[in-house]
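The values are calculated or read from the model by the stated rules, or taken from the named source; none is laboratory data. As the structure is a prediction and not an experimental result, all values here were calculated from the model. All Cβ positions, even for glycine, are placed from backbone atoms using ideal geometry, and neighbour counts span all protein chains on display. The protein model used for the area step is the full one, side chains on, heavy atoms only, and it has no ligands, DNA or RNA in it. Shrake-Rupley method; radii C 1.70, N 1.55, O 1.52, S 1.80 Å.
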Amino acid sequence: MSYEDNNIFAKILRGEIPCKKIYEDEYVLSFYDINPQKKIHALVIPKGKYIDLDDFCKNASPNEMVGMFKGIEEVAKKLSISNGKGKGYRALTNIGSDGGQEVPHLHFHLFGGEKIGKMVE
Ligand code: AMP
């Protein structure tokens with residue numbers, strides 16, 4: 001499977017469609033999910049073209065990997081949901097069809113601002 005250049009997050013990264021930006025640096029972009037599932041529902045995506053976590057772990061550089069996780073930390077701090085500044089949150093990434101992935105560009109969902117509840121249905 002190869003990366004699909006016209007997926008919605010690729011278009012957001014190219015500035016072709018808007019997003020409600022939370023944070024951006026060299027490695028990641030973060031914005032609010034258009035259809036929030038919890039009080040706070042943010043997405044954090046790498047700037048590189050990676051389909052999912054499998055693809056990222058196989059092909060991303062060490063700097064991109066560190067950048068991804070530092071980006072998540074920055075967003076959690078900025079939204080005051082990190083454990084310490086806030087009360088914690090859930091980070092989740094869906095992979096492939098059994099995982100329920102809809103957009104084929106790696107993204108981490110950050111859910112917070114309230115009790116997130118059961119881990120899986
Ligand atoms: P997943 O099922 O893990 O692939 O999640 C895709 C997520 O992207 C869903 O939670 C959608 O609500 C969200 N989404 C789709 N289009 C947009 C968009 N244009 N801006 C922000 N979030 C989006």
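Where in region 36-121 are there strands (runs of 3 or more DSSP E), lying fully within it, with 1 or more residues that are on the phi < 0 side of the Ramachandran plot and open to solvent by 80 Å² or more (accessible area, probe 1.4 Å)?
89-92
Where the second residue is exposed (fewer than 14 other Cβ atoms within 10 Å of the Cβ) and among the acidic types (Asp, Glu) and the first is closer than 16 Å to His109 by Cβ and lies in region 54-80, which pairs have Cβ atoms under 7 Å and are six or more apart or on separate chains?
Final answer for the pair search is Gly71/Asp25.
Select from region 12-35 the residues that are near the ligand (Cβ under 7 Å from one of its atoms) and loosely packed, with under 14 Cβ neighbours inside 10 Å and write down the one among them that is farthest from the chain's Cα centre (by Cα).
Result: Ile17.
Give the number of residues within region 81-93 that are more than 15 Å from Lys115 (Cα to Cα) and in contact (Cβ under 8 Å) with a residue 40 or more places away in the chain.
Within region 81-93, residues that are more than 15 Å from Lys115 (Cα to Cα) and in contact (Cβ under 8 Å) with a residue 40 or more places away in the chain number 1.
In region 26-55, what residues are more than 24 Å from Met119 (Cα to Cα) and either of a type in the set (Gly, Ala, Ser) or touching a Ser or Thr at 6+ places or on another chain (Cβ under 8 Å) (or both)?
Gly48
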